Amino acid sequence: MAKSLLKNKKNKTRINLLPLSDKQNIAKRNKAIFYLIVLICYIFILAGYDYLIYNDINNKRVVIFNLNQKLEIIKNNNIIYTTIHKAVLNKEKIETSLKNDSSIVNSLKSLKTKEYKKFIEIIKFPMPKDIWLNSLSSNNGNFLINGNSISFSGISVYIKNLKKMKIFKKIYLSGIEKKIKKGNNYYTFNLECKF
Amino acid sequence: MSKTFTAIIIDYNYIKIIEAVKKNKTYIINNFSLDRLNQNSINNTTNYANSKNIGQDLITEEIKKIFGLKQFSKKNVFTVLNDDYINTYNFSLPEIPEPDLSKAIEYEVKKKSPFPISQIVYDYIYVYQPNEDGRYNLLITAYTAKKEYSEQLVNLFAGAEIKLKSIESKTIGLYNANLFIYGNKAGLHYLIIDVNLISIKIIIIYKNTIIFERNIEEINIIQNTKNINEAGEIIGAEIQKTVDFYYAGKSIEPIEKIYLSGVYSSSGMLKNIISNLTNISVETMSIIELLNNSTDDNDKKTDKNKNNDKAKPLIKLSSKLNKKIYKKKLPAKNIYNTGDVIDIETDNQILSNSIPYDENNLFDILDVMLPAFGLILGK
């Protein structure tokens, strides 16, 4: 026990007989060296720490740059997606409108078919002897009949006959004009017929 | 992380410098040198702290020249103050916190030093020692020196454009080298003897505390002895004198061991002579031995079966120094009674009456570097 305790005791086995002033100078110099070493270590640690932070910031910058790039890609993808989505929606709208249009076309077709039938009926219908037609046209569901007649009475008979056909709800005489051609007198008339 | 240290010891007429790098737990010796001061300096060196400026300037110039030529590092330079100018005081204190301990030691130093505290520099070493109560005492050795000597040394090195990191003592260098090599296994009561080129230092350590030290100057074993037997007898006699003086009036445990370092530390014959004369076992404390032990440790680490050892500090030579030291290694020379120098015989045996020290042999130089290297070890 005593031996182990003795091991911990450190004997002093050296002397220094330098004058006190020299010893103090050495002590001061050692102290200065110590502080210098501490300062250098501190600077090194700071520089090291700065370097680590600088590296860390650089790494983060790279990460942010990469993230930004990814974000750009995602944005672009999103734009493409939105465009496609819009296109799909447009397509649907177009399809719907096309369907509508086709139904209108179909209805128009059917309507045209009906009109043609009516035209044919009108054309087939026996006209008075002094009446002849110039043109048949349709406008906004109305029939326009342009024709010529030698007399007013002929026009009147023709209107009565058309009414008798019961194709049109109303028949108006929208215009009548007297014309002379090669010494012969006749009247040009316009009839508006509504279904 | 590595740190380069340079230790200089101005030892009478020699300048010993060793540079090592501490890398983790390994000390790599980069460079070392042993240079003799020129004659003008020598006259002042033995007393350099009190010498005139001329003597100091010469030493400064010499240091500057050596540092320039051999390119030693000036970063962390340690040196020692001549032992003559250091007073040591041993005392014991109870375990107290560090700031209070410093004050208590200052108080003790004030009491013991013959000089006012304002005129001295001091520092201390201590070891913890358990007492009978199960607590700890601090066995303190305080070192004091006059401030002017310390300042002179600082100025001396400042002249060579070297800013000293610390001033210690050769005793502390040897003490730390011993602690580094043996740690707590050195023993309870032992003696360290450092045989130098022209001096001998004897330190007695008891319970890890430097209890006694003695410098024997101007003994120049190399020049003044005729053979290793004679050198051993002189060293043995000095040890005996020291031990007798140390034990006078005391009844403490006998000295268990002698640790031998310095110029003859690698000589087995010298160890035997000293051991026979003093009846104490002698062990070597040498950088060369440390290098060998480190090599052994390296070998051990490669052996998977013996890999349980804790990682011990290693001592190595730098590759450059390793090449240099082995390239320049000279054959050992025999110095006979006549003083003539001849090459050793081809059978490589050292004659019993020879002194195998060669001042040009890098291994031998390295052997006298231990006190300086001790200043670096453990830093």
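For region A:14-32, which residues satisfy the criterion of being open to solvent by 80 Å² or more (accessible area, probe 1.4 Å) and of a type in the set (A, V, I, L, M, F, W, C)? Show your work before the answer.
Quick first cut of region A:14-32, residues open to solvent by 80 Å² or more (accessible area, probe 1.4 Å) only: A:20, A:24-25, A:28-29, A:31.
Residue satisfying the conditions is A:Leu20 alone.
Could you tell me whether any residue of region B:88-103 is out of contact with any helix residue (DSSP H, G or I) (no Cβ under 6 Å at 6 or more places or on another chain), more than 11 Å from chain A (Cβ to nearest Cβ) and surrounded by 14 or more Cβ atoms within 10 Å (Cβ to Cβ)?
Yes - at least one qualifying residue is present in region B:88-103.
Could you identify the single residue in B:Ile181, B:Ile202 that is away from every other protein chain (no Cβ under 13 Å), assigned to a strand (DSSP E or B) and closer than 30 Å to B:Ala237 by Cα?
When all the criteria are applied, what remains is B:Ile202.
Quick check on my filter: what residues within region B:21-71 are at pLDDT below 60, in contact with a Gly (Cβ under 9 Å, 6 or more places away or on another chain) and open to solvent by less than 20 Å² (accessible area, probe 1.4 Å)?
B:Ser41, B:Thr45, B:Tyr48
Going by the conditions given, is B:Tyr190 within 9 Å of chain A (Cβ to nearest Cβ) and of a type outside the set (Asp, Glu)? Spell out the reasoning first.
Working: within 9 Å of chain A (Cβ to nearest Cβ): no; of a type outside the set (Asp, Glu): yes.
Here the answer is no, as B:Tyr190 does not meet what is asked.
Working only within region B:151-178, note down all residues that are within 11 Å of another protein chain (Cβ to nearest Cβ) and either open to solvent by 40 Å² or more (accessible area, probe 1.4 Å) or on the phi > 0 side of the Ramachandran plot (or both).
Those that are within 11 Å of another protein chain (Cβ to nearest Cβ) and either open to solvent by 40 Å² or more (accessible area, probe 1.4 Å) or on the phi > 0 side of the Ramachandran plot (or both): B:Glu151, B:Gln152, B:Asn155, B:Ala158, B:Lys163, B:Lys165.
What pairs come out if I take residues in region A:136-150 that are at positive phi and pair them with residues that are part of a strand (DSSP E or B) and open to solvent by 40 Å² or more (accessible area, probe 1.4 Å) whose C-beta lies under 8 Å away, six or more apart or interchain?
Pairs found: A:Gly141/A:Lys194.
Filter region B:117-129 for residues that are out of contact with any helix residue (DSSP H, G or I) (no Cβ under 7 Å at 6 or more places or on another chain) and closer than 17 Å to B:Lys103 by Cβ; which is surrounded by the fewest Cβ atoms within 10 Å (Cβ to Cβ)?
Filtering first and then ranking leaves B:Ser118.
Confirm whether B:Glu132 is out of contact with any Ser or Thr (no Cβ under 6 Å at 6 or more places or on another chain) and either within 26 Å of B:Leu188 (Cα to Cα) or not assigned by TED's automatic domain parsing to the domain that holds B:Gln56 (or both). Walk me through it before giving the result.
Working: out of contact with any Ser or Thr (no Cβ under 6 Å at 6 or more places or on another chain): yes; either within 26 Å of B:Leu188 (Cα to Cα) or not assigned by TED's automatic domain parsing to the domain that holds B:Gln56 (or both): yes.
It is true that B:Glu132 is out of contact with any Ser or Thr (no Cβ under 6 Å at 6 or more places or on another chain) and either within 26 Å of B:Leu188 (Cα to Cα) or not assigned by TED's automatic domain parsing to the domain that holds B:Gln56 (or both).
So which pairs qualify, if the first residue must be in region A:114-131 and more than 17 Å from A:Lys194 (Cα to Cα), the second must be of a type outside the set (S, T, N, Q) and open to solvent by 80 Å² or more (accessible area, probe 1.4 Å), the Cβ gap must be under 7 Å, and the two must be at least 6 apart or on different chains?
Partner pairs satisfying both residue conditions: A:Asp130/A:Ile150.
Let's see how each residue does on (1) surrounded by 11 or more Cβ atoms within 10 Å (Cβ to Cβ); (2) assigned by TED's automatic domain parsing to the domain that holds A:Leu162; (3) out of contact with any Ser or Thr (no Cβ under 6 Å at 6 or more places or on another chain):
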| position | (1), (2), (3) |
| --- | --- |
| A:Asn55 | no, no, yes |
| A:Leu98 | yes, no, yes |
| A:Lys117 | yes, no, yes |
| A:Ser135 | no, yes, yes |
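Looking only at residues that are in contact (Cβ under 8 Å) with a residue 12 or more places away in the chain and either outside the structural domain of B:Tyr264 (by TED's automatic domain parsing) or assigned to a loop (DSSP other than H, G, I, E, B) (or both) in region B:238-253, which one is most open to solvent (accessible area, probe 1.4 Å)?
Filtering first and then ranking leaves B:Glu253.
Does B:Ile181 qualify as being modelled with pLDDT under 90 and of a type in the set (Val, Ile, Thr)?
yes
Keeping to region A:150-195, report how many residues are within 60 Å of the chain's Cα centre (by Cα), among the small types (Gly, Ala, Ser) and open to solvent by less than 40 Å² (accessible area, probe 1.4 Å).
Matching residues across region A:150-195 total 1.
Within the bounds of region A:33-47, is there any residue that is within 14 Å of chain B (Cβ to nearest Cβ), exposed (fewer than 10 other Cβ atoms within 10 Å of the Cβ) and in a helix (DSSP H, G or I)? Break it down into steps so the answer makes sense when it comes.
Taking region A:33-47 first, the residues within 14 Å of chain B (Cβ to nearest Cβ) are A:33, A:37.
If we keep only those that are exposed (fewer than 10 other Cβ atoms within 10 Å of the Cβ) too, we end up with none.
No: zero hits.
Only one of B:Ile162, B:Ile210, B:Ile140 is among the β-branched types (Val, Ile, Thr) and assigned by TED's automatic domain parsing to the domain that holds B:Ser266. Can you tell me which? Let's see the steps before the verdict.
Values: B:Ile162 fails: assigned by TED's automatic domain parsing to the domain that holds B:Ser266; B:Ile140 fails: assigned by TED's automatic domain parsing to the domain that holds B:Ser266.
Of B:Ile162, B:Ile210, B:Ile140, the one residue that is among the β-branched types (Val, Ile, Thr) and assigned by TED's automatic domain parsing to the domain that holds B:Ser266 is B:Ile210.
Within region B:178-190, can you find the residues that are within 22 Å of B:Phe91 (Cβ to Cβ) and in contact with a Lys or Arg (Cβ under 7 Å, 6 or more places away or on another chain)?
B:Leu188, B:Tyr190
From the list B:Asn322, B:Asn298, B:Asn305, which one is at pLDDT below 65 and over 17 Å from B:Lys25 (Cα atoms)?
Values: B:Asn322 fails: at pLDDT below 65; B:Asn298 fails: over 17 Å from B:Lys25 (Cα atoms).
One residue alone meets the criteria, B:Asn305.
Go through the residues of region A:107-123 one by one and say whether even a single one is more than 20 Å from A:Lys164 (Cα to Cα), in a helix (DSSP H, G or I) and hydrophobic (A, V, I, L, M, F, W, C).
The initial filter retains those residues of region A:107-123 that are more than 20 Å from A:Lys164 (Cα to Cα), namely A:107-113.
With in a helix (DSSP H, G or I) added as a condition, the list becomes A:107-113.
Subsequent filtering for residues that are hydrophobic (A, V, I, L, M, F, W, C) retains A:108, A:111.
Yes - at least one qualifying residue is present in region A:107-123.
Inspect region B:198-207 for any residue being touching a His at 6+ places or on another chain (Cβ under 6 Å) and open to solvent by 20 Å² or more (accessible area, probe 1.4 Å) and give the result as yes or no. Walk me through how you get there before you give the answer.
Of region B:198-207, the ones touching a His at 6+ places or on another chain (Cβ under 6 Å) are B:206.
Keeping just the survivors that are open to solvent by 20 Å² or more (accessible area, probe 1.4 Å) gives B:206.
There is at least one residue in region B:198-207 that is touching a His at 6+ places or on another chain (Cβ under 6 Å) and open to solvent by 20 Å² or more (accessible area, probe 1.4 Å).
This table checks each residue for (1) of a type in the set (Asp, Glu); (2) closer than 15 Å to A:Phe125 by Cα.
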position: A:Phe152; (1), (2): no, no
position: A:Asn161; (1), (2): no, yes
position: A:Tyr172; (1), (2): no, no
position: A:Lys181; (1), (2): no, no
position: A:Asn184; (1), (2): no, no
position: A:Phe189; (1), (2): no, no
position: A:Glu192; (1), (2): yes, no
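What's the total number of residues in region B:217-237 that are assigned to a helix (DSSP H, G or I) and in contact (Cβ under 8 Å) with a residue 40 or more places away in the chain?
Quick first cut of region B:217-237, residues assigned to a helix (DSSP H, G or I) only: B:221-224, B:228-237.
Filter again for in contact (Cβ under 8 Å) with a residue 40 or more places away in the chain, leaving B:221-222, B:228-229, B:231-233, B:235-237.
Looking only at that region, the number is 10.
Does B:Val127 qualify as being closer than 29 Å to B:Lys3 by Cα, at the interface with chain A (Cβ under 9 Å from one of its Cβ atoms) and over 21 Å from the mean Cα position of the chain (by Cα)? Walk me through how you get there before you give the answer.
Values: closer than 29 Å to B:Lys3 by Cα: yes; at the interface with chain A (Cβ under 9 Å from one of its Cβ atoms): yes; over 21 Å from the mean Cα position of the chain (by Cα): no.
Criteria not met by B:Val127.
The values are calculated or read from the model by the stated rules, or taken from the named source; none is laboratory data. Predicted model, so just to flag it, every value in this text is computed and none were measured. Quick reminder, even Gly has a Cβ in these numbers, built from the backbone with ideal geometry, and neighbours come from all protein chains shown. SASA here: full protein model, heavy atoms, side chains in, ligands and nucleic acids out. Shrake-Rupley method; radii C 1.70, N 1.55, O 1.52, S 1.80 Å.
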